[in-house]
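The values are calculated or read from the model by the stated rules, or taken from the named source; none is laboratory data. A quick note: this is a predicted structure, and the numbers were derived from the prediction, not measured. Every residue, glycine among them, receives a Cβ derived from its backbone with ideal geometry; neighbour counts consider all protein chains shown. When the accessible area is computed, the model is the full protein with side chains, heavy atoms only, and any ligands, DNA or RNA have been set aside. Shrake-Rupley method; radii C 1.70, N 1.55, O 1.52, S 1.80 Å.
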Amino acid sequence: MKSFIIVFLSFITCYSQELTKTELLKNVKSFTLDTINYKIEGDGFEFLKQEINQNQYFLMGEYHNSSLVSKLTQSLFPYLKNANYNVWITEISPTSVKKLNSFLDSDDFTKKITDFNKKYGKNNSPIPFFSSQADYEMLLTSRKNNFELWGLDQHYFGGFQFVIDDTYNSLDAQTKAKYPTLIEDSKKQGDEGDKAFMKIFDLSKNKLAKKIKAEMLASASIYGDYSAGNYFENNTVRSTLMKTNFYNYYNDFTNKYKKDPKAFFKFGSNHMAKGVSPIGIMDLGDCINQMATLKNQKSLHVQLCYRYEKEKNEMIDRLNSGVYPVELLELYKEDNWIVLDLRPFHAKLYNLQLKKDAKIEFSKEMIECIKQFDILILSPEKVK
């Protein structure tokens, strides 16, 4: 009887639980980032270092094309190395990784990657997220800290031309003399352009040519689905490609080193969520979470957020935009990165959402973030 009373009282206590904004503040920390000396300080970073050490996979869901995020990443590499991380996983294609590695292997890295971006980046960056000085320094720091670079994504249209040029230029002189107009022909619309594109790869004696050709065709297919408005199909196919590429790299790594990689992901936050992602699919982040769970490992899922954005020389406050939780954005500080641990709310939210009269003060965006991520980090950046 006594045991029943204890269980009953516990049930009543649980039933009367609330989730309030005040509870969130108990889990807030912060850190500062010195972008000159690349030093991170504060209780928020001490907390993150502990988490970095305890997890096999650290998934940093970023907002794209930010020099400040690249500087944060560069600052993290020495700490990640000390925690035995050895792989950096990015949102570019395997072929783009090979190109970046060729620059890193050069004695004149900065000039080569700068000239490459000037040549092929007139309309779109040939290798997204690696086009600024901050990106170059981030890449160099990763190499200095002995990180192996992996690329899991489709190949972007902005980079198709450098792959075509590289493949054609690798042909022997006799073949190039026989087909002198193949590159120009491959740029044409319709069947003529498609046939020239295929022929460039079919003529190549490079053992990777067939694989690269398949990568290009898959990427073109994904873009075609997207332009046709087939967003679910596009995102699902793209996610499957990311997972396939991950397992290819993973198998190569484990076969070579006889151990699992300890990996840092720098990806768009839409792809790094657990469960159903912000774009409504079971994306790469959920795949990594499931794999870590099955292997008795841990993955940490982090979303980077921002509050202010510059548009046409005007500063826009995104507080109520519905993109990120207002509860987080309200904590904005000019020079501080705000760190909010969501994990204490995972079970509470789940339990309270089963109760019709539960009191949950959180915004819809905060509720979704609690389901999808472990930690939110608010950047002080005013995004351009």
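Side notes on the structure shown:
- Meets criteria (surrounded by fewer than 17 Cβ atoms within 10 Å (Cβ to Cβ), in contact with a helix residue (DSSP H, G or I) (Cβ under 8 Å, 6 or more places away or on another chain) and touching a residue at least 12 places away in the same chain (Cβ under 8 Å)) for residue 124: yes
- Some residue of the range 353-361 being closer than 15 Å to residue 24 by Cα and not β-branched (Val, Ile, Thr): yes
- All of 154, 161 fail the test of being part of a helix (DSSP H, G or I) and either open to solvent by 40 Å² or more (accessible area, probe 1.4 Å) or out of contact with any Gly (no Cβ under 8 Å at 6 or more places or on another chain) (or both), apart from 161.
- The residues on offer are 254, 240, 244, 236, and the sole one that is in contact (Cβ under 8 Å) with a residue 40 or more places away in the chain and within 30 Å of residue 70 (Cβ to Cβ) is 236.
- Selection count, the range 329-343, where residues are of a type in the set (A, V, I, L, M, F, W, C) and over 21 Å from the mean Cα position of the chain (by Cα): 2
- Cross-chain or 6+ apart pairs with Cβ under 8 Å, the range 349-364 first and touching a residue at least 12 places away in the same chain (Cβ under 8 Å) and under 24 Å from residue 320 (Cβ atoms), then assigned to a loop (DSSP other than H, G, I, E, B) and not small (Gly, Ala, Ser): 349/362; 359/20; 360/353; 361/20; 362/325; 363/325
- Residues within the range 278-289 that are in contact with a strand residue (DSSP E or B) (Cβ under 7 Å, 6 or more places away or on another chain) and open to solvent by 20 Å² or more (accessible area, probe 1.4 Å), tallied: 2
- When the range 347-364 is filtered for residues that are in a helix (DSSP H, G or I), open to solvent by less than 40 Å² (accessible area, probe 1.4 Å) and under 24 Å from residue 281 (Cα atoms), only 349 remains.
- Listed by first and then second residue, the pairs linking a residue in the range 59-85 that is farther than 10 Å from residue 38 by Cβ to a residue that is surrounded by fewer than 18 Cβ atoms within 10 Å (Cβ to Cβ) and β-branched (Val, Ile, Thr), with Cβ atoms under 8 Å apart and 6 or more places separating them unless they lie on different chains, are 68/35.
- Those residues of the range 100-139 which are part of a helix (DSSP H, G or I) and β-branched (Val, Ile, Thr), in sequence order: 110, 113, 114
- Residues located in the range 230-273, provided they are assigned to a helix (DSSP H, G or I) and basic (Lys, Arg): 238, 243, 256
- Qualifying residue in the range 217-226 (condition: at pLDDT below 95, assigned to a helix (DSSP H, G or I), of a type in the set (Phe, Trp, Tyr) and within 18 Å of residue 93 (Cβ to Cβ)): yes
Conditions (1) surrounded by fewer than 19 Cβ atoms within 10 Å (Cβ to Cβ); (2) out of contact with any Lys or Arg (no Cβ under 7 Å at 6 or more places or on another chain); (3) farther than 22 Å from residue 69 by Cα, marked per residue:
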position: 224; (1), (2), (3): yes, yes, yes
position: 232; (1), (2), (3): yes, yes, yes
position: 248; (1), (2), (3): yes, yes, yes
position: 265; (1), (2), (3): no, yes, no
position: 276; (1), (2), (3): yes, yes, yes
position: 306; (1), (2), (3): no, yes, no
position: 319; (1), (2), (3): yes, no, no
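- Number of residues in the range 55-87 that are open to solvent by 10 Å² or more (accessible area, probe 1.4 Å) and under 19 Å from residue 245 (Cα atoms) equals 2.
- Hits in the range 201-216 (condition: surrounded by 15 or more Cβ atoms within 10 Å (Cβ to Cβ) and in a helix (DSSP H, G or I)): 201, 203, 209, 212, 213, 215, 216
Each row is one residue, and each column tells you yes or no for (1) touching a residue at least 24 places away in the same chain (Cβ under 8 Å); (2) in contact with a helix residue (DSSP H, G or I) (Cβ under 7 Å, 6 or more places away or on another chain); (3) surrounded by fewer than 19 Cβ atoms within 10 Å (Cβ to Cβ).
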{"position": "89", "(1), (2), (3)": "yes, no, no"}
{"position": "96", "(1), (2), (3)": "yes, yes, no"}
{"position": "111", "(1), (2), (3)": "no, no, yes"}
{"position": "114", "(1), (2), (3)": "no, no, yes"}
{"position": "139", "(1), (2), (3)": "yes, yes, no"}
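- Residue within the range 305-321 that is assigned to a loop (DSSP other than H, G, I, E, B) and of a type in the set (Val, Ile, Thr) present: no
- The set of residues in the range 250-263 being open to solvent by 70 Å² or more (accessible area, probe 1.4 Å) and not basic (Lys, Arg) consists of 251, 252, 255, 257.
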